[in-house]
Amino acid sequence: MSETHRLNSQLKRAYQGVAWHGPSLRELLEGLTAQQAASKPIPNAHSIWELVNHIIAWEQIVRQRLEGEPVTEIPDIVNFPPVNETSEAAWQATLQMLEASNKELRESIKQIDDAQLEQTAPGTDYSNYFMLHGVIQHDLYHAGQIALLKKATMA
């Protein structure tokens with residue numbers, strides 16, 4: 001099995017399970033309403049919805065870099081896109097965007113070979129390998145935050 005295949009598998013497991021660590025991101029988000037996703041049960045912390053937008057943003061940035069685009073400037077509005085509308089339809093659209101961004105990144109990973117993992121990711125000073133492990137770790141880090149926010153929201 002190639003390393004790119006393993007990375008793809010780990011990214012997929014982080015998003016939709018079966019994951020070793022516990023519930024996948026999609027499992028954590030399942031059944032949440034727009035109101036719950038937008039709520040801020042912890043003062044000065046991001047909402048679940050804001051974290052999901054942030055995950056989407058970084059999966060897209062990593063995909064763009066993997067496809068050769070040197071994304072270097074990441075303004076705050078791109079890093080943490082605001083939640084402007086909190087309707088149920090908007091939440092469902094956000095969940096669909098998350099699914100699409102994860103799938104698109106996995107498709108981009110399939111387009112490279114293991115030798116390309118050692119190349120420097122465009123616009124960075126680190127390798128594609130480091131970046132791909134980073135995005136998986138990033139997704140899981142925020143999944144942990146989402147799990148805690150979900151518990152606080154449901155309390």
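The values are calculated or read from the model by the stated rules, or taken from the named source; none is laboratory data. What you are looking at is a predicted structure, and each value in this text was computed from that prediction instead of being measured. Because the Cβ atoms are built from the backbone with ideal geometry, glycine has one as well, and the counts that use them run over all protein chains shown.
Can you tell me how many residues in the range 56-85 are exposed (fewer than 15 other Cβ atoms within 10 Å of the Cβ) and farther than 26 Å from Gln10 by Cα?
The total comes to 7.
Residue-by-condition table, conditions (1) among the polar types (S, T, N, Q); (2) touching a residue at least 60 places away in the same chain (Cβ under 8 Å); (3) not in a helix (DSSP H, G or I):
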residue	(1), (2), (3)
Trp58	no, yes, no
Ile77	no, no, no
Gln92	yes, no, no
Ser101	yes, no, no
Pro122	no, no, yes
Asp125	no, no, yes
Met131	no, yes, no
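Of everything in the range 52-83, what is among the polar types (S, T, N, Q) and modelled with pLDDT under 95? Give them in sequence order. Working first, answer last.
Residues of the range 52-83 among the polar types (S, T, N, Q): 53, 60, 64, 72, 79.
The answer is Thr72, and nothing else.
Scan the range 91-104 for residues that are over 15 Å from the mean Cα position of the chain (by Cα) and either basic (Lys, Arg) or surrounded by 13 or more Cβ atoms within 10 Å (Cβ to Cβ) (or both) and jot them down.
Scanning the range 91-104 gives a single hit, Trp91.
Looking only at the range 1-50, count how many residues are free of Cβ contacts under 8 Å to residues at least 40 places away in the same chain and buried (at least 20 other Cβ atoms within 10 Å of the Cβ).
Of the residues in the range 1-50, 0 are free of Cβ contacts under 8 Å to residues at least 40 places away in the same chain and buried (at least 20 other Cβ atoms within 10 Å of the Cβ).
Of a type outside the set (A, V, I, L, M, F, W, C), assigned to a helix (DSSP H, G or I) and surrounded by fewer than 18 Cβ atoms within 10 Å (Cβ to Cβ), is that true of Glu107?
yes
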